[in-house]
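Nothing in this text is a laboratory measurement; each read-out follows from the coordinates by a stated rule. This is a predicted model, so every value here is computed, not measured. For neighbour counting, all protein chains shown are included, and Cβ atoms are generated from backbone atoms with ideal geometry for every residue, glycine included.
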Ligand code: BES
Ligand code: MN
Ligand code: ZN
């Protein structure tokens, strides 16, 4: 488990600045006016801060960007970061500034003065400082503790409480996505989720015999070729009114996707360690809402399976029966995520009668062709819920874009011998996958499907994450819970 960097808020103490080790960040507004902290650092460095601020380079900085003064004279610090930031930064600007100064090793002290959104700045720093070093031999260079000096530490600390819960959730999601499939198989995944009990989440693990009894023939068909047992984990956070219908989050947890008998090509197959990204986001959100004690009822349901080719694996052409009772002709065993979600979503509705249901899945390669790694695909049967989610995603700067659904697309998954088939051909691959899921959504359930194939793990640094697992969706879904489901 990756521990987040320690974040503390302290009263500004100008007398200690000369002796601070590590890195010191000063925040300077566009006009170039220096606050008390920046003035002190400027004096200690014999005017270096003012010279940097007067340079054309500073004028070109966008909010949150910085100039680095390395090994400044007059200070023990190894660097002073001069960050361009308005006096009243937006949440996004504050996070960006935090993320910028979090790149680097060792302790960091930020002189935030009376700036608004100091806790959001710390959130940006903590999220950007993530590093997955679990399997590295030598001590990897680690970002050190973050101290934010502010004029009102107790106010900043209070604002930090929910931010810290969000950091914990995002870190859990990233850890789960980053782990390889030999270390995070279905058994180990379920064990990690049992750890959420510490935060007050009720956790149940349904085993294969339970799933058989429930009739989950669709989900079970995916894992039947693997030595790892299929599982469904049910997580409940009961922070809301006793009788309030919950929000249900349902995640695809394919711990590894070889494609099965419809085997994937070798090139890039190792990427399929992240095919449990949907389940990882669900887990992260559960951790966040529990740690911040959200006044809402939220259930998280993840289907944990491994898609392997073997003598017991499902074949193309097999017909399986879902928990709902509908039969599915499996044309391609590599379209397995929808088979897992079909039963997990049906179970979520039968058992919990949710006020809303959101599923997340690294479902289709076609999603990456459509939206790249910038935005996730949003599909929904409910304009209000979809709008609320898009608004939350926008506020958290997590890219999301709605795509259409409709009867004409549903035609494409008709089967000659069963109620439906599991692929719809080459065109509109992400939409036909959503149509397939839609067949397992009850009319009365407001539902969103999020196809996160492109955004769960990316090959370059992003605003708030180093290259690799992003944790996309944890912040937006946590905000949606706060906006729509808390009393
Ligand atoms: N897990 C994959 C989708 C995926 C691809 C996620 C690349 C992330 C990166 C999914 O199970 C899959 O294999 N989908 C097939 C569907 C096809 C057989 C209809 C695909 O996208 O090729
Ligand atoms: Mn697949
Ligand atoms: Zn898959």
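The table that follows gives values for the structure above.
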quantity: For 184, 363, order by how many other beta-carbon atoms lie within 10 Å, fewest first; calculated: 184, 363
quantity: Length gained when the stretch residue 105-residue 263 is fully extended (0.36 nm per residue, less Cα-Cα span); calculated: 52.6 nm
quantity: 0 to 90° range, to nearest 10: angle between helix 383-395 axis and the chain longest Cα axis; calculated: 30
quantity: Between segment 334-349 and segment 280-297, the alpha-carbon center distance in angstrom; calculated: 22
quantity: Residues 375, 62, 46 arranged by fewest to most Cβ contacts within 10 Å; calculated: 62, 46, 375
quantity: Extension reserve of the residue 326-residue 155 stretch, reckoned as 0.36 nm per residue once the Cα distance is removed; calculated: 56.1 nm
quantity: Principal-axis tilt of helix 118-128 within the chain, Cα atoms, nearest 10 degrees; calculated: 60
quantity: Cut-off 16 Å, label 7 Å out along Cα→Cβ of residue 270, residues of segment 135-171 by amide N; calculated: 135-137
quantity: Segment 363-447: C-alpha gyration tensor shape, a/c 1.5 cut-off, then a/b vs b/c; calculated: oblate
quantity: Virtual paramagnetic centre 7 Å along Cα→Cβ of residue 18, amide N under 12 Å, in segment 31-74; calculated: 41, 43-46, 74
quantity: Packing-based exposure ordering (other Cβ within 10 Å, fewest first) of 218, 415, 380; calculated: 415, 380, 218
quantity: Between 0 and 90°, nearest 10: helix 91-102 axis offset from the chain longest Cα axis; calculated: 70
quantity: Label-point separation, residue 369 to residue 8 (7 Å along Cα→Cβ), nm; calculated: 5.4
quantity: Segment 434-487 and segment 100-134: distance between their alpha carbon centers, rounded to Å; calculated: 25
quantity: Pair residue 443, residue 483: separation of 7 Å Cα→Cβ label points (nm); calculated: 2.9
quantity: In range of the label at residue 68: residues from segment 140-156 whose backbone nitrogen is under 15 Å from the point 7 Å along Cα→Cβ; calculated: 141-144
quantity: Segment 375-395 and segment 197-263: distance between their alpha carbon centers, rounded to Å; calculated: 24
quantity: For the chain, calculated [θ]222 nm from helices alone, where every DSSP H run of n ≥ 4 adds -39500 (n - 2.57); calculated: -10000 deg cm²/dmol
quantity: Distance in nm between pseudo-label sites at residue 426 and residue 408 (7 Å out along the Cβ direction from Cα); calculated: 2.0
